[in-house]
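Contents: one structure, followed by commentary.
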Amino acid sequence: MDTKNAKEIFDPKKYEITLGTHHKSNVIWLQFAYDAKLINTLRNNTTAKWSASQKAWYLPDNQHYRRLCNLEIDFIGKEVMSKISAINMPEFLKFQNMLVLKGYSANTSRTYSIEFAQLLYLLKDFPVHHLSAEKLQSYFLYCHKELKLSENQIHSRINAIKFYYEKVLHQEKMFFDIPRPKKPLLLPKSLNTDDIKKLFEVTKNIKHRLILQLCYGMGLRVSEIVNLKISDIDSKSMQVMIQRAKGKKDRYVNLPKTVLEDLRSYYQNYRPKEYLFEGQYGGQFSIRSTQLVFKEAMKKAKINKQIGIHGLRHSYATHLLEYGTDISHIQKLMGHNDIKTTLIYAHVSDKNTAKVKSPLDFMAPKNQ
């Protein structure tokens, strides 16, 4: 469904939109006076169903339909909210509102909200805005020593709490004296070309295979593959627009020629309306489902490596470098701000280093 159609279908003047439950599932109720044309439009463009018991139409309560119905999208669940004391709840709501005003992505907002909530759980009825710098420092020591959080999670928690004090309370640069743990330099995990081929060979479902092929063939993040719209693909120029990716940046990537035939066949069979890959109830295919597609392919291909679907993006960059692609071109295709981020793949694909013989091998007897 394109944006124009969505606005026309979900025009609040046409019906009343409310949240509720039906058959133990969360739903969005659409109530309106009988209109055959509107009913037909709903049937053809959404997964709306009629409830005879409630005498109303309803949609599954998910982010896709919440966005189309102009409803608030929850960053975190009600269970998380229920654990925050009434004293600190106004501060938490201010925190979330500021995330929205600053234009943070849904993923970042969710992460920050959960990390900030962890502090509020511990505080119980103690007002968070009364915490001293010393007590905050003690809290981060507690995260290190008692909770034994990873370096990445400590950084995430510091960033969330720093956001509250600096952006919500406007206490500038109050965390400069809190040392951050040094992040370990981890090389990106990637698959070799033989493993990549196996993944595609064992994935018989055309939709699932295309997801894996495009993640690898265009170096996409999992969030980028699920956000891909039909209108983003230009088969004439053989380019694909990746809209509002990480950092809210647009970029173009090259569409692999080898997937064109499968893409056309997939479109004829599945007839997606807006997003290239759509879920069971319409809207974009979920990130979780995409990860499961990769996990199942790894299992079928009998590849016993601890790697997630993001490894396909790493493999794309690594293999491009091995094929002699200029590092600046890879940086642009990957959407990296800093060339240093791209240069890390040079450590993974350094074939010249791989050819260096160990001094132990030179000591081996000549007949070996």
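Data for the structure
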item	result
In the stretch 118-134, residue surrounded by the most Cβ atoms within 10 Å (Cβ to Cβ) [restricted to those that are at pLDDT 90 or above and charged (D, E, K, R)]	K124
Any hit, the stretch 58-78, residues being among the aliphatic types (A, V, I, L, M), under 22 Å from the mean Cα position of the chain (by Cα), closer than 25 Å to Q153 by Cβ and assigned to a helix (DSSP H, G or I)	no
Residue tally, condition over 23 Å from the mean Cα position of the chain (by Cα) and not hydroxyl-bearing (S, T, Y), over the stretch 233-255	3
Exclusive hit being of a type in the set (S, T, Y), assigned to a helix (DSSP H, G or I), assigned by TED's automatic domain parsing to the domain that holds H144 and within 30 Å of H170 (Cβ to Cβ), set S85, S109	S109
Candidate set: the stretch 41-55, residues that are outside any helix (DSSP H, G or I) and under 24 Å from Y270 (Cα atoms); chosen: the one modelled with the highest pLDDT	W50
Close pairs (8 angstrom Cβ cut-off, 6 or more residues apart or separate chains): closer than 22 Å to E224 by Cα and in contact (Cβ under 8 Å) with a residue 12 or more places away in the chain in the stretch 96-111, of a type outside the set (S, T, Y) and assigned to a loop (DSSP other than H, G, I, E, B) anywhere	L99/F75; A106/I73; A106/F75; S109/F75; R110/F75; R110/I76
Matching option when the condition is within 16 Å of H170 (Cβ to Cβ), surrounded by 15 or more Cβ atoms within 10 Å (Cβ to Cβ) and modelled with pLDDT of 90 or more, among E91, E115	E91
Residue within the stretch 224-234 that is buried (at least 21 other Cβ atoms within 10 Å of the Cβ), in contact (Cβ under 8 Å) with a residue 60 or more places away in the chain and part of a helix (DSSP H, G or I) present	yes
Among residues of the stretch 1-40, those that are at pLDDT 75 or above, exposed (fewer than 10 other Cβ atoms within 10 Å of the Cβ) and part of a helix (DSSP H, G or I), counted	2
Any hit, the stretch 147-162, residues being charged (D, E, K, R), at pLDDT 90 or above and surrounded by 12 or more Cβ atoms within 10 Å (Cβ to Cβ)	yes
Leading residue by the ranking (nearest to T341 (Cα to Cα)) among those in the stretch 239-259 that are loosely packed, with under 13 Cβ neighbours inside 10 Å and not charged (D, E, K, R)	G247
Where S109 falls short, out of the listed (1) of a type in the set (G, A, S); (2) buried (at least 18 other Cβ atoms within 10 Å of the Cβ); (3) over 16 Å from R157 (Cβ atoms)	(3)
Matching residues, the stretch 95-106, being part of a helix (DSSP H, G or I) and more than 18 Å from the chain's Cα centre (by Cα)	F95, Q96, N97, M98, L101
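The values are calculated or read from the model by the stated rules, or taken from the named source; none is laboratory data. Just so it is clear, the model here is predicted, and its values are computed rather than measured. In this analysis, Cβ positions are derived from the backbone assuming ideal geometry, glycine residues included, and neighbour counts consider all displayed protein chains.
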